[in-house]
Amino acid sequence: GRQVVATVYAPAMYAPCPLLAFLPDGEALRATPQLAGLPVASGALLSVDADRIILKRILLTGAPFRCHKKKASVRWMFFSPDDVRWFKPVELHTKFGRKGHIRSSLGTHGYMKCYFDGTMQQHDTVCMSLYKRAFPKWSGPFSYECE
């Protein structure tokens, strides 16, 4: 029921090509060898694009400890004022959908003043998404042999 996009190194195929994904046999399934080779997903090829970039996202979270209208003081996201200054250009968002940015650093423990587009609530969570490029893991040689 859930949609997922995966990237693989495989022979060139063109859309719409049906695909099946199987559990690998070997070291990963030593505890349950009866599951090896079991089909786990089916789908279709989206497209072949050598210029597609794969991104990995991490989410830094902090807690507002003082809120007043659109302003909040946030802690536990960073632990030094240098980190706060380094990430100042990055946009913030909250679990309740507010968007904002860092105004300044507070003290020497990584606390920061933030400004948001709407009223902040004390029980909200402040998040910062960071992205980096990821490369697919290169597996063993590909073969067409069937057993």
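The values are calculated or read from the model by the stated rules, or taken from the named source; none is laboratory data. All of these numbers come straight from a predicted model, not from anything done at the bench. All Cβ positions, glycine included, derive from the backbone under ideal geometry; neighbour counts span all protein chains shown. Calculation scope for accessible area: heavy atoms of the full protein, side chains included, ligands and nucleic acids excluded. Shrake-Rupley method; radii C 1.70, N 1.55, O 1.52, S 1.80 Å.
Descriptive notes on the structure:
- The range 107-125 residues that are farther than 16 Å from residue 79 by Cβ, paired with ones that are aromatic (Phe, Trp, Tyr) (beta carbon under 6 Å, 6 or more apart): 124/96
- Cβ separations smaller than 7 Å between residues 6+ apart or across chains give the following pairs from the range 44-63 residues that are within 14 Å of residue 6 (Cβ to Cβ) to residues that are open to solvent by less than 100 Å² (accessible area, probe 1.4 Å) and of a type in the set (Ser, Thr, Tyr): 54/7.
- Selection status of residue 58, surrounded by 15 or more Cβ atoms within 10 Å (Cβ to Cβ), out of contact with any Gly (no Cβ under 6 Å at 6 or more places or on another chain), of a type in the set (Val, Ile, Thr) and at pLDDT 90 or above: no
- The residue that is farthest from residue 71 (Cα to Cα), among those in the range 98-147 that are modelled with pLDDT of 90 or more and among the aromatic types (Phe, Trp, Tyr), is 131.
- Qualifying residue in the range 39-53 (condition: of a type in the set (A, V, I, L, M), open to solvent by 40 Å² or more (accessible area, probe 1.4 Å) and touching a Lys or Arg at 6+ places or on another chain (Cβ under 9 Å)): yes
- Among the residues of the range 75-101, those that are among the basic types (Lys, Arg) and surrounded by 15 or more Cβ atoms within 10 Å (Cβ to Cβ) comprise 75, 98.
- The range 61-74 - residue that is in a strand (DSSP E or B) and under 14 Å from residue 101 (Cα atoms) and, of those, most open to solvent (accessible area, probe 1.4 Å): 71
- Within the range 102-122, the set of residues being open to solvent by 50 Å² or more (accessible area, probe 1.4 Å) and either among the charged types (D, E, K, R) or within 16 Å of residue 91 (Cβ to Cβ) (or both) comprises 103, 113, 115, 117.
- For the range 29-40, the count of residues that are in a strand (DSSP E or B) and within 23 Å of residue 2 (Cβ to Cβ) is nonzero.
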